[in-house]
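To start, the structure under review is shown below, and the notes come after it.
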Amino acid sequence: MWAPGDAPGLVLGDGAQIGEGVLVGANVTIHEGTVLGAGCSVGDNAVLGRRPVLSARSTARRDGELGPLRIGAETRISAGAVLSAGSTLGTACVVGDLATVRERCAIGDGVVIGRGVCVENDTTIGSHTKIQTNAYITAYCTLEEHVFVAPCVVTTNDNFMGRTERRHALIKGPTIRRGARVGGGATLLPGIEIGAEAFVGAGAVVIRDVPAGVVVVGTPARVLRDVPADELLPDA
């Protein structure tokens with residue numbers, strides 16, 4: 001890693017703001033207006049602040065101008081990650097190799113976004129949430145604080161799978177409330193809510209709301225039992 005002035009292959013757009021003590025790998029692209037807080041690090045081949053490229057049929061919002069990408073102090077961006085304009089990341093986050101964060105995402109402090117994770121547009125992720133390798137967080141999701149998402153979890157937001165114009169008004173990703181945990185390979189259907197401190201077992205297919213504080217398993221997911229008291233967050 002190098003200071004920005006010494007980084008080989010660095011492309012630095014107009015108006016980009018680089019905080020004190022930032023370290024940058026080789027062949028990094030930082031687009032115009034991007035703000036990098038003090039003490040951040042950016043891995044090789046990362047792209048920060050890119051503008052979205054949308055198909056003619058994309059359901060992503062097109063209204064208004066995107067602001068710059070803003071990254072809080074002490075955040076670490078790993079090799080090959082791509083972060084779009086219009087999003088914000090808090091302090092001390094980690095973004096893994098080859099991860100993607102789309103436009104208009106709001107990501108809190110201390111969030112971990114694992115290797116190969118895709119966070120689609122217009123998603124909110126609360127502080128200290130962890131999203132592990134190859135999970136897919138669809139557009140228009142809300143993940144609150146201290147959520148845990150295991151590897152290869154899939155979230156969805158369109159019950160019509162691209163058919164009919166009616167879908168545009170109904171697209172909505174899942175909401176995962178504070179302290180909830182979602183096991184590896186689980187699938188969450190559009191618009192469902194996972195209650196606070198709930199636990200979704202590995203491989204479950206969640207087709208309806210999950211109450212707070214329960215364990216659900218199976219396909220379709222069903223309530224198995226309550227989450228043990230010793231697994232709850234200390235201030236729950």
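Values quoted throughout were computed directly from the atomic coordinates according to the rules given, and no laboratory measurement underlies them. These figures come from a predicted structure and were not determined experimentally. Glycine gets a Cβ as well: all are built from the backbone with ideal geometry, and neighbour counts include every protein chain shown.
Each other residue within a Cβ distance under 12 Å of Gly13 adds +1 if Lys or Arg and -1 if Asp or Glu, for a net charge of 0.
Between the C-alpha center of segment 62-76 and that of segment 198-236 there is a gap of 34 Å. Close amide H contacts of Asn157 (hydrogens built in the peptide plane, cut-off under 5 Å, sequence separation of 5 or more or a different chain): none are found. Of all the options Asn159, Asn45, Asn121, the one that moves most in a Gaussian network model of the chain with Cα springs shorter than 10 angstrom is Asn159.
For segment 9-21, backbone phi angles converted through the Karplus equation (6.51, -1.76, 1.60; θ = phi - 60°) give residue-by-residue couplings of x, 5, 10, 10, x, 4, x, 5, 10, 10, x, 5, x Hz, Gly and Pro being listed as x.
Dividing the helix sum by the residues of the chain, where each DSSP H run of 4 or more adds -39500 (n - 2.57), gives a mean residue ellipticity at 222 nm of 0 deg cm²/dmol. The GluC sites (Glu not before Pro) of segment 1-83 meeting both criteria, a DSSP state outside H, G, I, E and B (loop) and at most 11 other C-beta atoms within 10 angstrom of the site's C-beta, are Glu20, Glu65. Sequentially through segment 30-47, phi angles give Karplus couplings (6.51, -1.76, 1.60; θ = phi - 60°) of 10, 6, 4, x, 4, 10, 10, x, 4, x, 6, 10, 10, x, 3, 6, 6, 10 Hz, Gly and Pro residues having no value and appearing as x.
Each residue of segment 225-234 was assigned a 3J(HN,Hα) from its phi angle through the Karplus curve 6.51 cos²θ - 1.76 cosθ + 1.60 (θ = phi - 60°); the sequence is 5, 7, 5, x, 4, 6, 9, 6, 4, x Hz, with glycine and proline shown as x.
Shape analysis of segment 168-236 places it in the oblate category; the axes a ≥ b ≥ c from the Cα gyration tensor give an a/c of at least 1.5, with a/b not above b/c.
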